[in-house]
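Structure first, then comments.
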Amino acid sequence: RLYDRLFSTPLPGKDHEDGDFLKDLNLDSLKIITTAVVEPSLASVAAGTHVQFERIGYFYSDPQDCKPGNLVFNRVVTLRDNWAVAAAATTQVQQPTTQQQSIKGGGGGGAAAAPAGGGASVQDILRLDLRVGKIVSAEQHPDADSLYVEQIDVGDPEGPRTIVSGLAKYIPLAELPGRMCTVLCNLKPAKMRGVESGGMVLCGANEAQDTVQLLEPPPGAQVGERIVIQGYDAPDPDVVLKSKTQQKVWPAVAPDLKANAEGLATYKGSLLQTSAGPLKCASLIDCLIG
């Protein structure tokens with residue numbers, strides 16, 4: 001089973017005027033090869049074993065389907081990052097402003113200055129500034145039917161920031177004001193049909209691409225608090241992911257952000273959490289988050 005990127009571009013929706021990321025779904029994200037042959041030494045490989053196949057990638061013998069006489073290997077990592085050049089060459093991403101230099105703490109206290117962090121020595125997931133947000137208002141984009149323009153409070157002392165999202169086809173406008181959400185706050189600002197977007201609202205989408213739901217914090221989560229990853233160090237985000245190298249961070253992380261079988265948001269199986277508990281979509285399970 002050759003698993004590949006869910007999207008055909010590192011920045012889904014960027015090249016479409018309406019910002020619809022579903023237009024960039026990779027229809028060949030899974031290929032099943034039933035005539036493959038492997039070395040005889042793998043004939044009795046145990047389920048759950050990691051192996052490398054030359055010039056193809058790293059694989060994992062399926063813990064349920066792999067058994068002697070019926071070997072099943074799932075590719076988990078390719079040998080080449082074919083998106084590196086594309087991500088480096090991209091100069092516009094749906095991303096935020098430098099307002100993220102100060103945020104509210106998880107305890108809901110006053111705003112505190114956030115020192116510059118991140119850098120190549122920090123794990124990619126920890127370089128993202130993921131925060132709890134609250135949608136203050138939302139309106140239809142004046143020049144794009146599929147886009148909303150939202151004012152979202154993410155704890156900036158300057159007040160709510162403007163964020164453009166491609167949710168018009170999936171969530172009624174009237175349902176957004178007052179909703180809690182999860183916002184990626186340190187992407188480079190980008191204009192979406194003439195309106196500068198200062199962040200990206202994270203959502204889950206089902207396999208049929210006809211249901212998109214906000215990734216929501218639990219009751220009690222504080223506006224502006226930073227999302228942490230279970231089992232990882234505290235986040236140490238870059239101020240803004242704007243350089244060519246920094247713009248590789250989000251595309252590298254995105255494929256591993258998923259809702260598990262319980263609908264809880266995870267990164268490589270580790271829960272995304274707030275001070276009040278984990279994040280989740282309303283009803284979607286086993287889906288990608290982006």
Response to the item:
Here, Arg179 and Asp256, labelled 7 Å along Cα→Cβ, have an inter-label distance in nm of 2.8
Worksheet item: What is the extension gain from Asp15 to Thr35, computed as 0.36 nm multiplied by their sequence separation minus the C-alpha to C-alpha distance, in nm to one decimal?
Response: 3.5 nm
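Work out how much length Ala46 to Ala208 would gain on full extension: take 0.36 nm times their residue separation and subtract the Cα-Cα distance, in nm to one decimal.
Details: separation 162, 0.36 × 162 = 58.32 nm, distance 3.35 nm.
Full extension from Ala46 to Ala208 adds 55.0 nm.
For the range 114-165, which GluC sites (Glu not before Pro) are in a loop by DSSP, counting at most 15 other Cβ atoms within 10 Å? All intermediate terms of the calculation are to be shown ahead of the outcome.
Working: sites: Glu139, Glu150, Glu158; in loops: Glu158.
Passing both the DSSP loop test and the Cβ count: Glu158.
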Discussion item. Take Lys169 and Glu196, extend 7 Å from each Cα along the Cα→Cβ direction, and tell me the distance between the two endpoints in nm.
Written reply: 2.9
Worksheet entry | Cα-based reach from Lys242 at 17 Å (exclusive), listing aspartates and glutamates while leaving out same-chain residues under 8 positions away | Asp124, Asp129, Glu196
Discussion item. Quick check: from the Cα gyration tensor, does the range 145-290 come out rounded (a/c under 1.5), prolate or oblate?
Written reply: rounded
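Report the full-extension gain for the segment Lys268 to Thr245: residue separation times 0.36 nm, less the Cα-Cα distance, to one decimal in nm.
Working: separation 23, 0.36 × 23 = 8.28 nm, distance 2.23 nm.
Gain in length upon complete extension: 6.1 nm.
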Worksheet item: Normalised by the residues of the range 116-252, what does the relative contact order come to in percent, with Cα pairs under 8 Å and at least six apart?
Response: 32
Response to the item:
Per DSSP, the loop-located GluC sites (Glu not before Pro) within the range 203-289 having at most 12 other beta carbons within 10 Å are Glu207, Glu262
Item to complete: Match the structure shown to one of the listed values (i) 21.7, 70; (ii) 23.1, 78; (iii) 19.9, 64 of Rg and Dmax of the Cα atoms in Å, computed from it, and give that label.
Response: (iii)
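Every number in this text was worked out from the coordinates using simple rules, so none of it is lab data. Bear in mind the structure is a predicted one, so any value in this text is a computation, not a measurement. A quick note on method: Cβ atoms are made from the backbone with ideal geometry, for glycine too, and the neighbour counts reach across all protein chains shown.
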